Amino acid sequence: MTTFSATPSDMPFETAKIAGVPLAAVSLAGLGELMVADCRQARRGGPWTARTVFDLNAHALSLRTTDADYRAALDQADIIHADGGFLIPVSRLRSRTPVPERSATTDFIWEAARRAEAEGLSFFLLGGEPGLAERAAARLVAQHPGLKIAGLRDGFFDAGDEDQVIDAINASGADILWVGMGKPNEQIFSIRNRERLNVGWIVTCGGCFNFVTGDYRRAPDWMQRLHLEWLHRLACRPRSMFMRNLITNPHALYLALTR
């Protein structure tokens, strides 16, 4: 277990180390509080490097052992939160400071939108196929009419376009950048560019925009409580999820319980 200060505003939190990964022992609400504090600090001016906020789930834990570039990026994150439900009971078994609850990215984006609306903070949505970010933004604003969407961009660009993408994000004045380009690309992109991005937070979010729009369905509450959302996703998208779940879930559970 390690303790560190995630923000200049002296908001310390403890971490539960799972398979070598320092997992933030914070609640969903606590994660939102950290976001607001950091974005306020970034707005004050002065030296600031965007906070990188990455999610940890079974896929991430397994991928960390097989992809050196992803591992290097994940290990540089400022905050790693519990996206995978199985991490909560594992942290209770393996750490004296367990993670209090799951902070699924698909839940956190709504918590962040609520707080951003109240605080006057703005989002930039980056990722997905053309049109997806626009539809996700429309759903977020429909639920939170005061939320400011500073900019939108699909995730289909190559290395030669990256400077233009960074310039557009900076010109937008966004406080929170959501990067939905899938693992490992979104983490590597975030670490590579965090010193060039004038935002408070960079949050990686995978396929979160698809859940916001309703293209992907969340599991029923009872499955979420039993940490079985992966099973629901497998049933809904067997072609894309079968091999991933077959390989990464057992591997990740083994890593979490033995390292």
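Run through segment 123-188 and list the trypsin sites (Lys or Arg not before Pro) located in a DSSP loop whose Cβ has at most 16 other Cβ atoms within 10 Å.
Values: sites: Arg135, Arg139, Lys148, Arg153; in loops: none.
Answer by residue number: there is no such site.
Considering only protein heavy atoms and a 1.4 Å probe, what is the carbon-and-sulfur percentage of the accessible area of the chain?
Working: 5950 of 11590 Å².
Of the solvent-accessible surface of the chain, carbon and sulfur hold 51 percent.
Given a 1.4 Å probe, how much area per residue of the chain is accessible, in Å²?
Details: 11590 Å² over 259 residues.
Dividing the accessible area of the chain by its residue count gives 45 Å².
With the cut-off at under 20 Å, measuring from each backbone N in segment 126-149 to a point 7 Å along the Cα-to-Cβ line of Arg237 picks out 126-140.
Spacing of the modelled spin labels on Asp75 and Trp48, each 7 Å from Cα toward Cβ, amounts to 3.0 nm. With both labels modelled 7 Å from their Cα along Cα-to-Cβ, the Arg40 to Lys148 distance reads 1.6 nm. Listed by number, the DSSP H helices of the chain that run 18 Å or longer by alpha-carbon position along their axis and have mean Kyte hydropathy of at least -0.5 are 28-43, 238-258. Extension gain for the segment Tyr254 to Asn198, taken as residue separation times 0.36 nm less the Cα-Cα distance, is 16.3 nm to one decimal. Partnerless cysteines in the chain, where a partner means another cysteine C-beta under 4.7 angstrom, comprise Cys39, Cys236.
The values are calculated or read from the model by the stated rules, or taken from the named source; none is laboratory data. Given the structure is predicted, the values throughout are model-derived calculations rather than measurements. Cβ coordinates were reconstructed from backbone atoms using ideal geometry, including for glycine residues, and neighbour counts include every protein chain displayed. Heads up: the accessible areas ignore ligands, DNA and RNA and are worked out on the full protein's heavy atoms, side chains in. Shrake-Rupley method; radii C 1.70, N 1.55, O 1.52, S 1.80 Å.
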